[in-house]
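Novice: After the structure tokens below, expect a handful of questions from me.
Every number here is computed from the coordinates shown, using simple stated rules; none is lab data. In this text, all values refer to a predicted model and were calculated from it rather than measured experimentally. Every residue, glycine among them, receives a Cβ derived from its backbone with ideal geometry; neighbour counts consider all protein chains shown.
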Amino acid sequence: LSSGGVLIAHLTSATVTGSLKLQLSGKDLKNMDGMGLLRKSDPFFALMVLNDETGNWDAKYRSATVKNELDPEWEECSVDLVELCGGKLDQRLRVVVFDEDDKKKMNLINMRPEQNEVMGYAETSVNQLLGGGTLTMLLRGKDHGHVVINTAELVDYSDPKENVSKVMEAAGKIESTKIAAAEAEAALERAKESLEAKKTALEEAQAAAEEAELTLQSAQEAAFSAKEACDVVAGLFFEVGLRG
């Protein structure tokens with residue numbers, strides 16, 4: 001910008017972009033189909049978000065079902081961040097494990113954690129999922145197995161607000177650097193002025209010392225001349241005395 005210019009910025013709404021790549025597996029899930037001697041549960045998991053308007057947990061993603069398995073290895077999936085959590089990485093999520101009922105197929109609309117088919121759930125967030133580890137599945141306050149986070153990473157993630165924040169932070173650092181540089185330059189100027197004043201004072205002191213030395217030499221010469229004159233006068237008095 002030229003001196004005195006004005007920067008006009010038009011801000012438009014922008015949304016987070018990117019997706020969550022996720023791969024989970026279950027471990028020691030509780031069997032919902034009897035004792036498990038003849039048949040085991042058919043688990044799948046859903047990612048659910050609390051709906052503030054209805055108070056229900058709405059499903060945003062449903063995995064494929066792994067038949068007759070209590071240690072399922074679910075396929076890797078990709079979930080759009082805006083669809084999942086509105087792009088808010090700290091939004092509360094639930095990972096809910098269901099036992100698929102062949103007689104009651106559940107879709108994203110009618111899935112509810114309070115249904116009998118729930119094998120367990122754990123609350124988390126995208127940021128927590130990115131940290132990896134293991135989620136403990138709870139049901140009615142009891143441990144119902146675990147879900148292991150094998151892969152969790154962001155793909156093509158971009159947050160305009162975060163970018164603006166970084167730009168503003170960088171601009172702030174630049175401005176702080178400019179202020180610090182100006183202060184350093186002013187301090188340097190003051191130091192130069194102080195040094196110049198000290199040099200001038202030193203030169204004046206040296207000139208005064210030289211003048212004092214000249215004055216001393218003159219005084220010494222005058223004293224020497226006075227001594228010679230006294231000697232001459234004393235010699236004359238002595239000579240007159242002898243003649244008398």
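Novice: Separation between the K21 and R243 pseudo-spin-labels, each 7 Å from Cα along Cα→Cβ, expressed in nm?
Specialist: 13.1
Novice: Provide the gained length on full extension for the span L195 to K227, in nm with one decimal, where the gain is 0.36 nm per separating residue minus the Cα-Cα distance.
Specialist: Roughly 6.8 nm would be gained on extension.
Novice: A follow-up question, please. For N68, enumerate residues with amide H under 5 Å from its amide H, sequence gap 5+ or separate chain, H modeled in the peptide plane.
Specialist: D42
Novice: Given a Förster radius of 22 Å and the C-beta distance between K161 and E183 as r, what FRET efficiency does 1/(1 + (r/R0)^6) yield to the nearest 0.05?
Specialist: Efficiency, from the Cβ-Cβ distance: 0.10.
Novice: Could you tell me the calculated FRET efficiency between V79 and I174, based on Cβ-Cβ distance and R0 = 41 angstrom, to the nearest 0.05?
Specialist: The value I calculate is 0.60.
Novice: Set the Förster radius R0 to 35 Å, insert the Cβ-Cβ distance between D28 and D101 as r into 1/(1 + (r/R0)^6), and round the FRET efficiency to 0.05.
Specialist: FRET efficiency, D28 to D101: 0.95.
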